[in-house]
Each structure stands twice: as C-alpha cells, then as structure tokens.
Amino acid sequence: MKYEGDLRCTATHIPSGKKLITDAPIDNHGKGESFSPTDLLATSMLTCIMTIIGIKAEKKNMQIEGMYGSVEKIMTSNPRRISRLEIRITLPNNNDISDREWLITEGCDCPVCHSVSESMEIDIKFND
C-alpha cells in the first residue's frame, strides 16, 4: 500500500500486480474519484456472497451465469461508520427451488459476513 497524497491510496496485489485505488469520499474531504475504503467493504460483502454461490453452484453443475447484484451502504456518525448494508442479488430462474434455496443459504454463509461487526445491520434479499 502507498499513500499517494490528496487522500488517495494505491494497493498492489502482489501475485497479479493489479492495482487498486481508493479515494476519500466527497462527504469526507475527498475527491470521490474511486472507491472509498467503506465502499470496498460493502463491495467485498456482495462479491463474497456471489463468489460463494458460484463455488457451490459449480460443485453441483448448476447454471448461475447472469446472476447480478447491488449493495447500498448507509453511513452514520459518532463514530463515522457503516451502519447498514442493503444487498440485493438476482439469481437466474433456471434452477429448481430447493437448489435455489440451498444456494442462498450457502452464499449467506460467506467469510465477509462472518467478519463484519455485529453492530452493522445487514439486509440481504434475493430476487427472482
């Protein structure tokens, strides 16, 4: 990691050499030109759930291509923190209901979900 100045940091993924930039958000003295650290936490939650669903689906030869999702981060102050994540995931309808329910259960058991503070409210909904 390197602090670049102007509330911007660059992280380099050692195995791939890929770079990730973070900026402070506009409402916290930044330019908001890239993901903020709290945006990354929210994004990590959604991508972790979707990745676990992908791993589990592969093991059962289930087709989930076309799955998509969104995450909304709600901030609070004193102290400034994420108070709530609203996650919406849409799974394709090409699997039977019991397989779909199993995928949802497995996805919600992701490492990021287990790592965040219990003081953060997490609302996960799956759409058809």
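The values are calculated or read from the model by the stated rules, or taken from the named source; none is laboratory data. This structure is a prediction, so every number in the text was calculated from the model and none was measured. With ideal geometry, Cβ positions are generated from the backbone for all residues, glycine too; neighbour counts draw on all protein chains shown.
Descriptive notes on the structure:
- From the options Lys60, Lys56, residue that is more than 28 Å from Arg84 (Cβ to Cβ) and of a type outside the set (Asp, Glu): Lys60
- When the criteria are applied in full, Glu65 meets the requirement of being more than 15 Å from Phe126 (Cα to Cα), exposed (fewer than 12 other Cβ atoms within 10 Å of the Cβ) and in contact (Cβ under 8 Å) with a residue 24 or more places away in the chain.
- Matching residues, the range 89-117, being among the acidic types (Asp, Glu) and assigned to a helix (DSSP H, G or I): Asp99, Glu101, Glu106
- Glu86 vs. criteria part of a loop (DSSP other than H, G, I, E, B) and either in the same structural domain as Met45 (by TED's automatic domain parsing) or not polar (S, T, N, Q) (or both): no
- Residue within the range 42-55 that is of a type in the set (A, V, I, L, M), under 15 Å from the mean Cα position of the chain (by Cα) and assigned to a strand (DSSP E or B) present: no
- Looking across Thr51, Thr90, Thr76, one residue alone is in contact (Cβ under 8 Å) with a residue 40 or more places away in the chain, on the phi < 0 side of the Ramachandran plot and among the hydroxyl-bearing types (Ser, Thr, Tyr). It is Thr51.
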